[in-house]
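Rule-based calculations on the coordinates, nothing more; no lab input. In this text, all values refer to a predicted model and were calculated from it rather than measured experimentally. Here the Cβ positions follow ideal geometry from the backbone for every residue, glycine too, while neighbour counts run over all protein chains shown.
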Amino acid sequence: MAERLSAEARKQALGGIPDWGEISGRDAIGKTFVFKDFNEAFGFMTRAALVAEKLDHHPEWRNVYKTVEVVLSTHDAGGVTALDIELARAMNAIAA
Ligand SMILES: C[C@H](O)[C@H](O)[C@H]1CNC2=NC(N)=NC(=O)C2=N1
């Protein structure tokens, strides 16, 4: 199982992934993506879902029209692991 990152390692990793930040009150990272319209937002979710399945690592997310709020945490580990960082990077690449 993936290990929780230390606060220091998490902070350093976040520095390399634009617009992702710490979620207050829990060991998780998050980003709010805003797209042009629902079609773009749902296209992003569809592509991200395929990556999530492949990694066997799944997001907590909420979509309202063109906005997708994403929270990533490794439930089995009770916090942020390298898997969350990998999925966050992949999501940024998909949205780029
Ligand atoms: C059995 C299965 O591999 C696990 O439950 C996986 C699935 N996806 C997961 N996703 C996330 N975000 N955290 C997990 O701990 C997790 N565990």
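Quick look at the numbers
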item: Ratio Rg/Rh [Cα only; Rh per Kirkwood] for the chain; result: 0.95
item: Helix-only [θ]222 nm of the chain, DSSP H runs n ≥ 4, -39500 (n - 2.57) each, per residue, nearest 500; result: -13500 deg cm²/dmol
item: Under 5 Å, built H, 5+ apart or other chain: amide partners of Val80; result: Leu5, Thr74
item: Backbone N within the range 1-17 under 18 Å of label point (7 Å from Glu60 Cα along the Cβ vector); result: 4-5
item: FRET efficiency, 1/(1 + (r/R0)^6) with R0 35 Å, evaluated for Ala77 and Leu50 via beta carbons; result: 0.90
item: Lysine pairs within the chain, Cα separation less than 23 Å, 8 or more sequence positions apart or different chains; result: 4
item: Gain upon complete extension [Glu22, Glu69; 0.36 nm per residue less C-alpha separation]; result: 15.6 nm
